[in-house]
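In what follows, a structure is listed as structure tokens, so that the remarks can point back to it.
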Amino acid sequence: MIDKLLKRKETIGLFGFIIGFGLVVMLLHHPIKSERMLALSPD
């Protein structure tokens, strides 16, 4: 099935776009910082 898709020129561009977009997201993604806080103040 993938062999038939890869022989078409339209799908090669689509796969290239998807792979490139995935790489950009991985490179530009910043990890979300989490802070530890107490839910209730210690009395």
Item to complete: Select one label from [x] 71; [y] 74; [z] 58: the one whose number is percent of Cα pairs over 12 Å apart as derived from the coordinates shown.
Response: [y]
Worksheet item: Angle between the Cα long axis of helix 9-28 and the longest principal axis of the chain, 0 to 90 degrees, nearest 10?
Response: 20 degrees
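The numbers here are math on the coordinates, done by the rules we state, and not lab data. None of the values given here were measured: they were computed from a predicted structure.
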